[in-house]
Amino acid sequence: MWLSLSYACWGISVVLALWMLYDWFKVDTSYSEDVLTSSREGELEAVSEKHRI
Amino acid sequence: MTAAVDTVGTTASGDRVSLLRVLGPAHVWALGVGIVLVGEFTGWNFSADKGGSLAALIVCWVVGLLYTSVAMIDSEVTSTVAAAGGQYAQAKHIVGPLMAFNVALFLVFAYTMLEVSDAILLGDTIVAKAGVDGLTHNSFIAATIVVLAWLNYRGVLMTLNVNFVITAIAYVSIVILFFSVSPWTQGAVLKLNELVTPGNALPYGWIGVIAAFQFGIWYYLGIEGTTQAAEEVRSPARSLPYGTMAGMITLLIAAAMTWYVCASLMPWEYLGITPYPLWDAGKLTGSPLLENLLFVATLLAALASANGCINDAARAWFSLGRDRYLPSWFSAVHPKYRTPYRSILFLLPIALAFAFIADLNQAITFSILSGVLQYTFMSINIMMFRRKWPLGSIRRGYTHPFHPLPAIVLFCLCVVTYFAIFLGFGSQLIAMVAFYFLISLWFHFYRYKFVRRGDQFSMPWPKPQGY
């Protein structure tokens, strides 16, 4: 049973790793680099919070 | 390539893709306690090898003081600097870019090495349970790291929901063990008065207590990781202090229960070398149910810790990319899952490589060293924060009491811990400091010219006092 579990772990690892690589490729070819790297630190705070004491 | 963001409705504002604000205080608790709780299942007990069972208890409380200071200081600063990267963002705004770069590397090293240690622990625990010839831990290590990376890739909400459940189960297992051994009665199951006597309580004297600090860190290592969720919690000013302080209280209780049960069941000579103190405690009760419960809980604690570490390391790496301290390629956010997917994928093979080639002790030591360097920074950081922006000058979600006492206590305990690490792993300490020195030179003389200097300071604060 343990050896079967070990083989199953290898299988799951390979499948999920391939899925992530596929999704990475799909996203990188579907969206522009400017959009993907458009996150800005503190953006929401600056918009949503009035900084008053 | 086209920007089809609007069609999938994943943007936060306009055509920008940001991390998703979906977390609450329970997720912050799950992140912090999830990362740390594995330390009760293995790690803390090596302090008994350094100084005996009583030394393990002394460092439990003294290091608890260190981490209470960490939690209080962190809660105040993070409730004000609510950005992914946690202490990195704090350092950038309060100390400066070079400190921030170093702090981010401390974070990535501490969490990646802790993730590696967790995966090795999980693999070794399964192999020990199976007792089958030819079975190695490699497949279990690979599955742990890849499955958890996949979970992190798919979204932070599910990642921390899972962490909440498995952390809670692991925690409850400690409580069940504690009450199953009749803790109010000595002699029936527990034999503390026989196992810890005046003759063997401190076998190496007080220098043993100092040496025990190195592994006493394991009771609480990683609670400061809650701050990495700052950009993904709905209300950072409320959730982060609440989740962090609740987590610290939870861990202090767990640490005390763990020491009491284990020190009452095992002699310090064995307690100090076993890799599975709680699982062994379950075995020693003679109950198969408790034995199996603690086996499963050990696995769940390792999983929860590795899961939180992937989350935190990826966010620190992502933040470095976003400020161009590293190539901005790393700052990509997945338009559907809203996670730092490239950072998660980049760190995945690094964790796998270390897990396959590194020794557990080496990985743990590198993690602890990076953690202590970070805590030293935090004690200096809070002094500068209070001096530059005194109370009343900016809004704080939480104000920690007794300043500057927690910062002074934290700094002094860090110095003691460096000495303890030097006693056991002096060459690693020197190698690590040399590494950070060299990488700082690289950042100062080469990388910093790529940074957009005005863009990196994002908090809408007034000018600091004295500037």
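Suppose the filter is more than 14 Å from chain A (Cβ to nearest Cβ), in contact with a Pro (Cβ under 8 Å, 6 or more places away or on another chain) and surrounded by 15 or more Cβ atoms within 10 Å (Cβ to Cβ); does residue B:177 pass it?
It is false that residue B:177 is more than 14 Å from chain A (Cβ to nearest Cβ), in contact with a Pro (Cβ under 8 Å, 6 or more places away or on another chain) and surrounded by 15 or more Cβ atoms within 10 Å (Cβ to Cβ).
Only residues in the stretch B:141-157 that are facing chain A (nearest Cβ under 9 Å) and touching a residue at least 24 places away in the same chain (Cβ under 8 Å) count as the first member; pair them with residues that are of a type in the set (Asp, Glu) and assigned to a helix (DSSP H, G or I), Cβ under 8 angstrom, at least 6 apart or cross-chain, and list the lot.
Correct list of pairs: B:144/B:118; B:145/B:115; B:153/A:23.
Return the only residue of B:231, B:224 being acidic (Asp, Glu), within 14 Å of chain A (Cβ to nearest Cβ) and buried (at least 24 other Cβ atoms within 10 Å of the Cβ).
Selected residue: B:231, the only one of B:231, B:224 that is acidic (Asp, Glu), within 14 Å of chain A (Cβ to nearest Cβ) and buried (at least 24 other Cβ atoms within 10 Å of the Cβ).
For residue A:28, all conditions in the list (1) farther than 19 Å from residue B:321 by Cβ; (2) at pLDDT 95 or above hold save one; what is the number of the exception?
Unmet condition: (1).
Quick check: is even one residue across the stretch B:148-163 hydroxyl-bearing (Ser, Thr, Tyr) and within 18 Å of the chain's Cα centre (by Cα)?
Yes, that holds for at least one residue.
Looking at the stretch B:220-253 only, could you name the residues that are closer than 19 Å to residue B:168 by Cβ, assigned to a helix (DSSP H, G or I) and among the hydroxyl-bearing types (Ser, Thr, Tyr)?
Across the stretch B:220-253, the qualifying residues are B:226, B:239, B:242, B:244, B:250.
Sort through B:342, B:315, B:324 and tell me the only one that's more than 28 Å from residue B:59 (Cβ to Cβ), over 23 Å from the mean Cα position of the chain (by Cα) and within 14 Å of chain A (Cβ to nearest Cβ).
Within the list B:342, B:315, B:324, the selection yields B:324.
The values are calculated or read from the model by the stated rules, or taken from the named source; none is laboratory data. Worth saying up front: this structure is predicted, and the values here are computed from it rather than measured. Glycine also receives a Cβ, built like all others from the backbone with ideal geometry; neighbour counts cover every protein chain displayed.
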